Amino acid sequence: MADDASDVTQLLLDLGEGDPEAMDRLLPIVYDELHRLAHRHRRGERPDHTLNTTALVHEAYLKLVRLDRLQWQNRAQFFALAAQAMRRVLITYAERRRAQKRGGGVHPIPLDENLLLTNQQSEELLALDEALERLKAMSERQHGVVECRFFGGLSVEETAAALGISPATVKRDWALARAWLNRELRTLPDGL
């Protein structure tokens, strides 16, 4: 794992220096971890209404590939941004689903047809996203901690590295953000 972490960091540095082949070498190393991260997003759902994990990984990876002007720093930053990309894919899908349901005349987005959310899951995801945007307005750091910990599945130490803060600050912000979101939403998805 230590070798994989250093390989990922080196490939990200190469990518930041303009090596066009670095992203192609990076995918095989990070694919399994991205897949586990996407699987976290679909955990606890009914078997007939699951998110297609592979489609979510691919959509998020496509978003990451487009971040060609980003100065990549390390593995933790990469996975924090991957979690954020997966969240954005899911939110976009849920928003489009809501618009279609209400006759909004919005054309379907080009996501894999197997990426499914129930109406209730879409509404819950949108409510969580709205609460997270309110949290971001109050504290961008706490918002970042939630994205890394909940959506990214990063450890306290990985979150600290990704955000450039201490592990103690991550723990404190995680506890405060969870309490605030709990009050805002009254019920939270499993694991938050």
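Structure values in brief
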| quantity | calculated |
| --- | --- |
| Long-range neighbours under 8 Å by Cβ, at least six apart or interchain, first residue over 15 Å from ARG183 (Cα atoms) within the stretch 113-138, second at pLDDT 90 or above | LYS136/HIS143 |
| Every pair of residues 6+ apart whose Cβ atoms lie under 6 Å, when the first sits in the stretch 139-155 and is closer than 15 Å to PHE78 by Cβ while the second is small (Gly, Ala, Ser) | GLU147/ALA83; CYS148/ALA80; CYS148/ALA162; PHE151/ALA83; GLY152/ALA80; GLY152/ALA83 |
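The values are calculated or read from the model by the stated rules, or taken from the named source; none is laboratory data. No experiment lies behind these values; they were computed from the predicted model shown. All Cβ positions, glycine included, derive from the backbone under ideal geometry; neighbour counts span all protein chains shown.
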